[in-house]
1. Using Cα positions and a limit of under 23 Å, work out the lysines in reach of LYS454, with same-chain residues fewer than 8 apart set aside.
2. Want the number for ASP103 to ASP123: 0.36 nm per residue separation, take away the alpha-carbon distance, what's left?
3. Taking only C-alpha pairs under 8 Å that are 6+ residues apart, what is the relative contact order of the chain in percent?
4. In whole Å, how far is the Cα centre of the stretch 407-470 from that of the stretch 518-572?
5. For the chain, take the longest principal axis of its alpha carbons; what is the angle in degrees between that and the long axis of helix 352-364, to the nearest 10 within 0 to 90?
6. Could you pull out every residue, at least 5 positions away or on a different chain, whose amide H is within less than 5 Å of the one on SER496? Hs are placed 1.01 Å off N in the peptide plane, and Pro or chain starts have none.
7. Across the stretch 222-364, how many lysine pairs separated by 8 or more positions, or lying on different chains, have Cα atoms within less than 19 Å?
8. Starting from the Cα of ALA261, step 7 Å along the direction of its Cβ; do the same at GLU306; then give the gap between the two resulting points in nm.
Amino acid sequence: MLRIPVTPFEGWELPPEPGELRLIPIGGLGEFGMNALVVHFGEELWLVDCGQLFPSEDQPGIDRIVPDFAYLEVFREQVRGVLLTHGHEDHIGALPHFLRQWDVPVYGSRFTMGLLEGKLREDKLWKGSRMHVVADFQRKELGPGFAAEWIPVTHSIPDACSIALHTPVGTVIHTGDFKLDPTPVDGRLTGLARLAALGEAGVRVLLSDSTNILAPGPTPSEAACVDGLSDAFDLTKGTLFVATFSSNIHRIQTLVDMAYAKGRQVVLLGRSLERNVTLARELGVFKLPDDILLKPADSSQYKPKELLVLCTGSQGEEQSGLARVLKGEVKGLKMKPGDRLLLSSRAIPGNEVSISRILDAAARLGAETTLEGIRTVHVTGHAHREDLATMMKTVKPAHMVPVHGTYRNLREHGKLAGTLGWPSERISLLDGGQCLRVFRDGRVALAGAVPVGKCYVDEGVEHMVDARIIQDRLILQEDGVIFATVLVDPETLDLSGEPSILSRGFVMLSDDEAYGELLRGVARQTWQEAPFAIRKDRDAMRELLRQALRRIIRKTTQTRPLVVPVILDAAGDASGDMPGS
Ligand SMILES: [Zn+2]
Ligand SMILES: [Zn+2]
């Protein structure tokens, strides 16, 4: 893991000065995911979003990564609540973890809070009285001299918002994830007029989405994929399977409307898809003719060309609706020659291999998987360069802070601000944990970083998983493990038998027996040569044994398995305890 040292913010544990507002991204900068922004002034500490990061393949067994709340722990009593921009996992996914520690109110739009409710109910953390649904353009007074206002924006999920924070040092606008779609599926437009009015009145800081800064021109409208999806319907003789993100209700609406118009019944496959569609229907953000939905088992009563199957699994997930069809696990529904599998989504970086595997599996069943003759079937939910410029020119902030993206994205976004006339001292490129101090007298200062980091969640394990454990899992996966057990007389501290060597996942040299003897010999010799004082210290002895065994293994096999020395008392009492690795 490449780590660039950051300058610490000396004195970060002291509360903000009078007339100071601190903005600290504790996640989401220099990476995609785990978005969370600390807003701290007086004795008030608020979070804007509280997202998770999905683990990558080099984090085996980890289900979720959440921000380290070290900064909040110091100001524990001042944590007042969470303000949400929208319901994507990278913005709400860490809330169950957060709310276990801070039982504070959460504010967000209808669909956002609906998604959150499902999530919290699952974790038995739902508490209706703490959850507040806000309407578009609503302003909430939240504390002394502090209010928040939710301004609608277009994005790839219903009810996404920018948040204007009216603070004692002035107005701060966080765009959330957005694009400027002039023709959104639900007709809910970005509140540009309100943003412009705020800009006229004066905005101190704009924090703006940088995801698509590298994409030129204006962002295509969601309507731009209608033709491509229509092509897919028309070119498919059998059943059309479409996998898409389950929270992209507008895409799902377009597909269902098209199915209706083209005479296909709709099957929904995948838990999150069913749940989100039900929620969106209840909230009135999704319209569905009653007779169009089919249970998978009833689909056999229709001809293949009379079916559209919407499913989860566009990223190649193993537990998705799509994966279950491919494995033949869905009763009454099979993928066959003449059918088509269409992924109406983008590949999240890192998922390319699993996606390719899924497409291959569909091809094996005879389904069409190419995009020949089909126009665009996916458009992004994040603003391209031109929309980002429009946002800056509309809000006209005194200070510009790019957020939501890799460091390169943030830098490009900063450059764009430069070309639009913002001098460099009015643009701040923050990295994770870096604190922007905004003062009432007009000053803005970039302090160093407060402690931040990642916490690894392995579902089913009560506490957080330490980064060292992930390191161990990687070693196990690569080179296996070797247990070296020595039996010791507790009085004399001499060996009271032959050391034993046990391995799993480790490839011994051609002659197992001889290699085992070599390792036993090294363990024996290491013990015997250690001074009595060291032998008394079990931790020191284990370290000595580990190093000696590692050295010989590396020399003879060029591998680095996990080496676990175990020291047992010959009396039979295993005071040798299981060591850490
Ligand atoms: Zn996001
Ligand atoms: Zn989003």
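1. List returned: LYS119.
2. Details: separation 20, 0.36 × 20 = 7.20 nm, distance 1.41 nm.
Answer, rounded to one decimal: 5.8 nm.
3. Details: 1241 pairs, mean separation 90.4, N = 581.
Averaging sequence separation for qualifying contacts and normalising by length gives 16 percent for the chain.
4. With the stretch 407-470 and the stretch 518-572 each reduced to a Cα centre, they are spaced 44 Å.
5. Taking Cα atoms only, the helix is inclined about 80 degrees.
6. LEU487, VAL488, ASP489
7. 22
8. 2.2 nm
Readers should treat all values here as calculations from the given coordinates under stated rules, not as data from a laboratory. Here the structure is a predicted model, which is why all the values come from computation and not from measurement. Quick reminder, even Gly has a Cβ in these numbers, built from the backbone with ideal geometry, and neighbours come from all protein chains shown.
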